[in-house]
Amino acid sequence: MQIRVGLDFARVKKAVASAAAVAVLGALPAFARSVSIKNATVTVTFNADGAYQVQCKGTQWVLRGTLGETPERVTRRSGTDALGAWHEVDARTATEVAGIRVYNGQPVVLFKDKRLADGKNADVFPVFKALPAGLMRFSYAVNTFAKFEFGKLGGEGPWVLYDAKGQTMVLSPADHFLVADMTDGPDGSEGVQAGGPNGVDAGGIDAKIATLPAGFEHGTLLVLGKGVNETLDAWGSALQAMNGKTAIANDRDVVLNKFGYWTDHFATYYYKYDKKLGYLGTLLAVRDKYKALGVPIEYMQLDSWWYPKGSGFSPDGTPVNGETVYRADKTIFPDGLKGFQKQMGLPFVVHARWVAPVSPYRHEYKMSKNVVLSPKFWNETAKYLKDGGVTVYEQDWLDDNARPAINLTDPQEFLGNMAKAMAREGITIQYCMPLPGYYMASTRYQNVETIRVSDDGFTRARWDYFLYDSALAHAVGLWPWSDVFMSGQEPELILDTLSAGPVGVGDALGEIDAANLKATMRADSVLLKPDVPVRPVDAMYRADAANADGPMVAATHSGDEVEVFAYPRAHPRKIATGEELETQSAVGETQGPVGETQVTVRLSELGITGPAYVWDWVRKTGTVVPKGGSFAMKFADGWAYDVAAPVGKDGIALLGDTGKYVPLAGKRFSAVTSGKATRVSVAFAAGESAVTVSGYAAKKPVVRAVRGEAGAVEYDGETGLFRVVVHPASGGGAVVVVR
């Protein structure tokens, strides 16, 4: 079982947040001018005149601001919450309490703003005079699928700022994610230095909310670190810890663990079917065909075609083709959803839109724009879905049509009632067409497990979005879903497998590439995936911030083995003219003419500190790379895929099953240890009788079976490659020692 791991908060004790855990250390004396608190990462100072600053010790970055009112008093407090022990300095004015909290032993700062009286949505906290100068900027836009952007800072966060050495800060809301509104001055410029009247507003609330009530609290989170990916993970882990969400295993349910079939937009049978078979007959034939080819599907997704929708025109502009009644369309499902599920014999993933203007729900339940808030609706819906064999509920159109009203209650009521009802019935949730706030809001709900990270239909044009948004999904504890593609699209199938999330296709009958599909799974359809989602290596954030137009390099890992996917990304104009790129690529190699044939990758960029054996998965060749070295990834048909296996002290680099896209996947190799020898545990599906284990060794190795059987070792003295066929014991599984 593989579990994604971000910043290790497992060592942090559970929240002891109670009045007894908070000790006021004393009010600031009238003659004092400032009070400070600090940890190993930052020093925080609040002055008696309302000025405050956070100074980052390692980088000397400083964030400065001033309250709109002079504080009546400044106090220190200490306590413990879900993140651990903290110290805090609070400045109390007539209308608010502004606090800055730092955590012992953690590079985390929490800004807290509490309103003491009803008032206008103004004078938010924190507001900084400017962000540190000279830093590169990366964020996610407030648009459909939260598309990444460099050089700008999106209004919902997270803001990622970093320098050429990889020193990074991440700034975001800590709550009220769907109504938070961060503002970085006009046109993305830096606050008052560029004419912004209120500076850099990091703690704002959407201006559509005119007033904030007494007792309203809002937090802003700052996390510091080295490396963009690592700091994003630390930030996301902090959000999860604050909201009580625990890590989700990438085999948590059937959609994460096994191969499935999708009928959504760009799938073959999206509102289409074989006229001779009918819609349901076509899907039953699909099930049978995959099984006959030895790649059985283990779940089926039913898209918006499965329920009745509105039609006509709505005078107020409300989209009319939403749900009328969220139940199986009787013209398609004569025996209902439950009846079809009994025929299919597989669990379902079901799609949902918004509520149509003509729906009776608008008169029966409490609504917020085009979505239902009432717990009664969600409870009844979840019970119906459970009875119909549904395992995942997919809420689509979250960017607009299915977005609740922008206020302080409806977004949380909508998502919360949905999640609670589905959790009660054992149903997990997938968010689709999300804004950045939905990624962060998911940390409040344990059963929100997957999220769509790129536009409909997974094609080459989506790859960059898929990778950068997978980084955000990974940070907040979600597994990314690429959307549907066809089994003949091998690079998309590889990337989708490397996502460590769902893998599913939408092939037509008669057009299934079973050979490709077998490379992503065991015989029982269990997916052979890496431990974490594939995402751009850190150097990509620097290169793309500089508009380098060099190749993309993205990586993930299975245990110590690193899987690397790369592809050229030449600008169309440069392709046409053959213009040379003068800038640096993601990995520091000067690029030649556009349409590169290869890219050079350093082992250090992959986190490999010693020598490694690098296997070109496409060409089936390998090479030893010395400690601190680099290797060339050669493009074929516009992409490359390599696997880097560290060479152990025993001189052996275990590749695994090189016939699979992820050779050392945990569902095949459940345990690998190395020292004086390499010990390997091999898992088998029912009916599987052999697995070929491959690797590199400087001399012909000896392989001994501790459990099961091992055949004769095949060894190529020129390349150092060895192969051995391993058979399971009578009770299943095998263990071999290679030395």
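The values are calculated or read from the model by the stated rules, or taken from the named source; none is laboratory data. Predicted model only: the values in this text are computed from it and were never measured. Note that each Cβ is placed from the backbone with ideal geometry, even for glycine, and that neighbours are counted across all protein chains shown. Accessible surface areas use protein heavy atoms only, side chains included; no ligands, DNA or RNA. Shrake-Rupley method; radii C 1.70, N 1.55, O 1.52, S 1.80 Å.
Using the Cβ-Cβ distance between A133 and R707 with R0 set to 56 Å, the FRET efficiency from 1/(1 + (r/R0)^6) comes to roughly 0.40. With the charge dipole of the chain set up from +1 on Lys and Arg Cβ and -1 on Asp and Glu Cβ about the Cα centre, the Cα lying farthest toward the positive end among the listed residues L373, A710, Q240 is that of A710.
Annotation: peptides 685-696, 597-608, 232-243, 154-165, ranked by per-residue average of other Cβ atoms within 10 Å with the highest first, follow the order 232-243, 154-165, 597-608, 685-696. Extending 7 Å from the Cα toward the beta-carbon at both K38 and R679 defines two label points whose distance is 4.7 nm.
Annotation: aspartates and glutamates with alpha-carbon distance below 14 angstrom to K165 (same-chain offsets under eight excluded): E230, D538, E605. Under a model in which nothing but the beta-carbon of Lys, Arg (+1) and Asp, Glu (-1) is charged, region 221-341 shows a dipole of about 360 debye around its Cα centre.
All other residues whose Cβ lies under 14 angstrom from that of S487 are scored, Lys and Arg at +1 and Asp and Glu at -1, for a net of -4.
Karplus-derived 3J(HN,Hα) values for region 724-731, using 6.51 cos²θ - 1.76 cosθ + 1.60 with θ = phi - 60°, are 8, 8, 10, 10, x, 6, 4, x Hz; glycine and proline are entered as x. Dipole magnitude for the chain: about 1920 debye, using +1 per Lys or Arg Cβ and -1 per Asp or Glu Cβ, origin at the Cα centre.
Toward the positive end of the charge dipole of the chain, with +1 on the Cβ of Lys and Arg and -1 on the Cβ of Asp and Glu, the farthest Cα among P213, S730, N250 is that of S730. Multiplying the residue separation of D316 and L116 by 0.36 nm and removing their Cα-Cα distance gives an extension gain of 68.2 nm. Each residue, K152 and D274, gets one label point 7 Å from its Cα in the Cβ direction; the gap between the two is 4.7 nm.
Pairs of lysines in region 614-739 whose Cα atoms sit within less than 19 Å of one another amount to 8, provided the residues are eight or more positions apart or on different chains. In terms of the Cα gyration tensor, with a ≥ b ≥ c the square roots of its eigenvalues, is region 256-379 rounded because a/c is under 1.5, prolate because a/b exceeds b/c, or oblate? Here region 256-379 falls in the prolate category. Note on E230 and D524: the model spin-label points, each 7 Å out from Cα along the C-beta direction, lie 3.8 nm apart.
Classify the chain: rounded, prolate or oblate, from the alpha-carbon gyration tensor (a ≥ b ≥ c, eigenvalue square roots; a/c under 1.5 rounded; otherwise prolate if a/b is larger than b/c)? Here the chain falls in the oblate category. Placing R0 at 60 angstrom, the Cβ-Cβ distance between E714 and A461 gives a FRET efficiency of 0.90 after rounding to 0.05. The loop-placed trypsin sites (Lys or Arg not before Pro) in region 653-734, going by DSSP, that have at most 16 neighbouring Cβ atoms within 10 Å of their Cβ come out as K676, K699. Amide hydrogen proximity for F259: with H placed 1.01 Å from N in the peptide plane, the residues at 5 or more positions away or on another chain lying under 5 Å are E298, L527. Here, P(r) means the percent of Cα pairs in each 10 Å bin from 0 to the largest distance; for region 663-732 it is 19, 54, 25, 3. Binning the alpha carbon pair distances of region 41-178 at 5 angstrom intervals from zero yields the distribution 2, 9, 17, 20, 20, 17, 10, 4, 1, 0, expressed in whole percent.
Placing +1 on the Cβ of every Lys and Arg and -1 on the Cβ of every Asp and Glu, with nothing else charged, gives region 360-476 a dipole about its Cα centre of roughly 300 debye.
Grab the beta carbon distance between A686 and A249, set R0 = 30 Å, and tell me the FRET efficiency rounded to 0.05.
Efficiency, from the Cβ-Cβ distance: 0.90.
If you take the charge dipole of the chain about its Cα centre, with +1 on Lys and Arg Cβ and -1 on Asp and Glu Cβ, which of A554, G656, Y384 is farthest toward its positive end? Among A554, G656, Y384, the one farthest towards the positive end of the dipole of the chain is G656. Taking only protein heavy atoms and a 1.4 Å probe, the accessible area of the chain is 50% carbon and sulfur. Our note on the geometry: Cα centres of region 246-265 and region 402-424, 23 Å apart.
Length available on full extension from S630 to A285: 0.36 nm per residue minus the Cα-Cα distance, which gives 119.3 nm. Compute log10 of I(q)/I(0) for region 419-459 with the Debye formula, placing one identical point scatterer on every Cα and leaving out solvent, at q = 0.18, 0.25, 0.34 Å⁻¹, to two decimals. With no solvent term, the Cα-only Debye profile gives -0.53, -0.85, -1.18.
Could you state the accessible area per residue of the chain in Å², with a 1.4 Å probe and every protein chain left in place?
The answer is 38 Å² per residue.
The stretch between R424 and V725 holds 103.8 nm of extra length on full extension. This uses 0.36 nm per residue minus the Cα-Cα distance.
For the peptides 65-74, 138-147, 247-256, the ranking by mean Cβ contacts within 10 Å, running from highest to lowest, is 138-147, 247-256, 65-74.
By the rule of a C-alpha distance below 19 Å, with chain neighbours fewer than 8 residues away ignored, the lysines paired with K369 are K208, K309.
With contacts taken as Cα pairs under 8 Å at a separation of at least 6 residues, region 262-331 carries a relative contact order of 27 percent.
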